[in-house]
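*Asks:* Just dropping this structure here.
The values are calculated or read from the model by the stated rules, or taken from the named source; none is laboratory data. This structure is a prediction, so every number in the text was calculated from the model and none was measured. Cβ placement follows ideal geometry from the backbone for every residue including glycine, while neighbour counts extend to all protein chains displayed.
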Amino acid sequence: MNLANDLLRQMRDPSLSLDQHAQLRSEIAKQLEESGRYEAAREAMGELWSQVGERPRVEGLEQSTAARVLLRAGVLTGWIGSVKQISGAQETAKNLITESIALFEELQQSTRVAEAQIDLAYCYWREGAFDEGRVVLKEASSRLIESDVELRATAFLRSAIIEETAKRHSDALRIHIEAATLFQTIENHSLKGNFHNSFAIVLRNLGAAEDSADYIDRALIEYAAASYHFEQAGHVRYRACVENNLGFLFSTIGKFADAHSHLDRAQMLFTSLKDDVHLAQVDETRARVMLGEGKFVDAEKASRRAVHTLEKGDEQSLLAESLTTYGITLTHLRHLEQARSSLERAISVAEQAGDPHSGGIAALTLIEQLGDHLSNHELCDTVDRARMLLEGERDVPTLTRLYTCTYRVLARVYAFQVRPDWSSFCLKESLHRYEAHYIELALKDSGGRVTRAARLLGLPSHQALLTMLTGRHNALSAVRTPSAPRRRSLIDHSNVTSKAKKGRQENPEAKD
């Protein structure tokens with residue numbers, strides 16, 4: 001912020017030319033933008049550009065200066081459009097940035113072209129167009145030279161973010177490891193904080209996928225480092241993002257009280273910033289926490305708020321994820337038609353955005369949640385759609401879900417195509433076997449807890465299931481575990497602070 005103040009003082013010089021004045025405004029806006037103060041950055045542009053949707057005033061400026069003004073207006077349009085969920089903002093941002101790229105190319109300013117392309121790729125990422133983002137980042141990286149340290153680091157980081165969002169955890173991990181040495185040479189706290197936060201997300205997801213306490217512990221250390229650097233940078237928005245991410249992490253290991261505590265802090269900070277898109281993400285995260293707690297009514301309200309907010313903007317990938325979560329909550333509340341509509345919409349939204357992973361996840365969720373309410377034809381179409389969307393998928397848990405759903409559909413379709421031996425068939429006995437099969441599955445998946453199993457089966461109360469278990473299905477009593485122990489946490493929360501401190505000592509990037 002000292003640099004921004006110095007630039008403001010320079011602007012008071014009456015001898016400044018029109019171009020010098022515009023260049024200073026663009027540089028001040030860039031400094032404010034890097035600290036997450038997007039509205040202040042917009043105001044710093046002054047008479048050059050005042051609001052999203054308005055074309056910057058570049059008449060009378062030299063071509064290089066005009067390109068810088070167009071780039072700044074485009075980047076800020078992307079950020080503000082995301083925060084406020086302004087429909088069409090990302091397309092406007094891409095057009096302005098692309099126009100600046102054309103001017104920089106005419107001037108053969110290769111580094112400026114690369115900088116603009118890195119920002120253009122982020123607009124594609126917000127829309128869920130990951131392939132386009134990859135292509136643009138690859139071209140940008142090819143233009144950069146050894147001395148372009150911060151731009152190279154930013155390109156690495158945004159490549160990793162795209163891969164992690166697409167659930168290519170191994171690729172994201174590889175990029176972070178390759179870039180770690182580069183980030184050690186950087187003094188930009190905001191950029192370093194983004195590296196640690198992004199790395200923590202990768203480790204968190206790998207920890208969940210592989211059920212690894214080591215990954216979870218390391219993720220906590222990385223989040224602590226991210227918070228430190230964001231605090232040093234004065235980046236309140238990104239500190240709030242870390243709180244939301246911590247909320248999700250604690251929910252995955254069953255520490256729901258800690259999860260809500262972090263989400264409360266994130267919500268407070270995003271509310272103060274009037275950041276709609278991140279508030280929607282907090283709502284979506286909280287809905288997942290509440291699903292884990294079995295608070296389905298509250299989860300439905302939170303996920304519905306997230307969907308309502310994200311419908312207004314361009315971040316279709318986030319909308320697809322929220323629609324999927326919303327569909328799950330509706331299924332638990334037995335609003336089956338609404339649940340199906342939400343999940344089918346999630347598939348379509350993700351497909352249109354160019355985010356096949358989110359579309360595939362929504363299709364698998366539709367089978368998992370509502371498979372018993374779909375016809376054989378609908379099941380086959382849905383699993384085939386999931387298979388096509390997830391073609392080339394590398395995420396092992398997702399592939400496992402795909403194989404499980406495929407087997408489930410094949411078993412269902414095959415079972416209903418085979419004619420029974422009518423000479424020995426008894427409908428009552430067949431229904432009894434099917435009922436016993438599903439009760440046994442529910443008991444196993446709930447760890448023997450009758451109340452949770454009853455909820456999985458869609459029964460009105462645990463007493464209804466108890467009646468079945470003590471009556472016609474007493475053979476399943478061995479599966480039931482009335483006092484089943486709770487699942488132990490992967491980490492000891494009392495050690496989190498000490499481990500985070502230890503991480504700062506071991507990691508030179510996280511030192512005070």
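*Asks:* Being buried (at least 24 other Cβ atoms within 10 Å of the Cβ) and among the acidic types (Asp, Glu) is the filter here, so list the residues in region 45-96 that pass it.
*Replies:* Within region 45-96, no residue meets the criteria.
*Asks:* Between Thr324, Thr331, which is among the polar types (S, T, N, Q), under 17 Å from Arg455 (Cβ atoms) and either modelled with pLDDT of 95 or more or touching an Asp or Glu at 6+ places or on another chain (Cβ under 6 Å) (or both)?
*Replies:* Values: Thr324 fails: under 17 Å from Arg455 (Cβ atoms).
Matching residue, one of Thr324, Thr331: Thr331.
*Asks:* Do we find that Ala166 is crowded, with 23+ Cβ neighbours inside 10 Å and either closer than 19 Å to Leu399 by Cβ or among the hydroxyl-bearing types (Ser, Thr, Tyr) (or both) in this structure?
*Replies:* Here the answer is yes, as Ala166 does meet what is asked.
*Asks:* Return yes or no: is Ile118 farther than 25 Å from Phe270 by Cα, touching a residue at least 24 places away in the same chain (Cβ under 8 Å), out of contact with any helix residue (DSSP H, G or I) (no Cβ under 7 Å at 6 or more places or on another chain) and of a type in the set (A, V, I, L, M)?
*Replies:* Criteria not met by Ile118.
*Asks:* Still on this structure, please answer the following. Out of all the residues in region 233-253, which are part of a helix (DSSP H, G or I) and not aliphatic (A, V, I, L, M)?
*Replies:* Arg237, Tyr238, Arg239, Cys241, Glu243, Asn244, Asn245, Gly247, Phe248, Phe250, Ser251, Thr252
*Asks:* What are the pairs with Cβ atoms under 7 angstrom where one residue, in region 442-455, is assigned by TED's automatic domain parsing to the domain that holds Met468 and within 15 Å of Leu466 (Cα to Cα) and the other, located anywhere, is modelled with pLDDT under 85 and in a helix (DSSP H, G or I)? Sequence gap at least six, or different chains.
*Replies:* Note: pairs meeting the criteria are Leu443/Leu476; Val450/His462; Thr451/His462; Ala454/His462; Ala454/Ala464.
*Asks:* Take the residues in region 462-491 that are of a type in the set (Ser, Thr, Tyr) and at pLDDT 80 or above; name whichever of them is farthest from Gln369 (Cα to Cα).
*Replies:* Per the criteria, the residue is Thr470.
*Asks:* Given the residues Ala209, Ala200, Ala219, Ala225, which is the only one that is under 19 Å from Glu34 (Cα atoms) and among the hydrophobic types (A, V, I, L, M, F, W, C)?
*Replies:* Going through Ala209, Ala200, Ala219, Ala225 in turn, the sole match is Ala225.
*Asks:* Among the residues of region 431-450, is there at least one that is outside any helix (DSSP H, G or I) and of a type in the set (Ser, Thr, Tyr)?
*Replies:* Checking region 431-450: at least one residue is outside any helix (DSSP H, G or I) and of a type in the set (Ser, Thr, Tyr).
*Asks:* Residues Gln90, Gln108, Gln85, Gln51: which one is touching a residue at least 60 places away in the same chain (Cβ under 8 Å), in a loop (DSSP other than H, G, I, E, B) and not assigned by TED's automatic domain parsing to the domain that holds Ala306?
*Replies:* Gln85
*Asks:* Quickly run through region 381-399 and pick out the residues that are part of a loop (DSSP other than H, G, I, E, B), of a type outside the set (A, V, I, L, M) and on the phi < 0 side of the Ramachandran plot. Steps first, please.
*Replies:* First, the residues of region 381-399 that are part of a loop (DSSP other than H, G, I, E, B): 390-395.
If we keep only those that are of a type outside the set (A, V, I, L, M) as well, we get 391-395.
Answer for region 381-399, where residues must be part of a loop (DSSP other than H, G, I, E, B), of a type outside the set (A, V, I, L, M) and on the phi < 0 side of the Ramachandran plot: Glu391, Glu393, Arg394, Asp395.
*Asks:* When only residues in region 271-304 that are acidic (Asp, Glu) and touching a residue at least 12 places away in the same chain (Cβ under 8 Å) count, which is surrounded by the fewest Cβ atoms within 10 Å (Cβ to Cβ)? Explain how you work it out, then say what you get.
*Replies:* Of the residues in region 271-304, the ones acidic (Asp, Glu) are 275-276, 283-284, 293, 298, 300.
This time we only want the ones that are touching a residue at least 12 places away in the same chain (Cβ under 8 Å), so: 275-276, 283-284, 293, 300.
Numbers: Asp275: 23, Asp276: 19, Asp283: 23, Glu284: 26, Glu293: 16, Glu300: 24.
Result: Glu293.
*Asks:* Further question on the same structure: Inspect region 314-322 for any residue being in contact with a Gly (Cβ under 6 Å, 6 or more places away or on another chain), surrounded by 22 or more Cβ atoms within 10 Å (Cβ to Cβ) and under 20 Å from Leu457 (Cβ atoms) and give the result as yes or no.
*Replies:* No, that holds for no residue.
*Asks:* Return the pair list, or none, for Cβ contacts closer than 7 Å from residues in region 320-347 that are in contact (Cβ under 8 Å) with a residue 24 or more places away in the chain to residues that are surrounded by fewer than 24 Cβ atoms within 10 Å (Cβ to Cβ) and not in a helix (DSSP H, G or I), at least 6 apart or on different chains.
*Replies:* Close Cβ pairs satisfying both conditions: Arg334/Gly458.
*Asks:* If you take the residues of region 111-147 that are among the small types (Gly, Ala, Ser) and part of a helix (DSSP H, G or I), which of them is surrounded by the fewest Cβ atoms within 10 Å (Cβ to Cβ)?
*Replies:* Residues of region 111-147 among the small types (Gly, Ala, Ser): 114, 116, 121, 128-129, 133, 140-142, 147.
Subset that is part of a helix (DSSP H, G or I): 114, 116, 121, 133, 140-142.
Details: Ala114: 24, Ala116: 29, Ala121: 28, Gly133: 26, Ala140: 27, Ser141: 17, Ser142: 11.
If we take residues in region 111-147 being among the small types (Gly, Ala, Ser) and part of a helix (DSSP H, G or I), then Ser142 is surrounded by the fewest Cβ atoms within 10 Å (Cβ to Cβ).
*Asks:* Suppose we filter Thr185, Thr154 for residues that are farther than 26 Å from Asp214 by Cβ, buried (at least 23 other Cβ atoms within 10 Å of the Cβ), in contact (Cβ under 8 Å) with a residue 24 or more places away in the chain and not aromatic (Phe, Trp, Tyr); which single one remains?
*Replies:* The match here is Thr154.
*Asks:* Which of the residues that make up region 394-413 are surrounded by fewer than 19 Cβ atoms within 10 Å (Cβ to Cβ) and either of a type in the set (Val, Ile, Thr) or under 18 Å from Ser358 (Cβ atoms) (or both)?
*Replies:* Of everything in region 394-413, those that are surrounded by fewer than 19 Cβ atoms within 10 Å (Cβ to Cβ) and either of a type in the set (Val, Ile, Thr) or under 18 Å from Ser358 (Cβ atoms) (or both) turn out to be Arg394, Val396, Pro397, Thr398, Leu399, Thr400, Thr404, Thr406, Val413.
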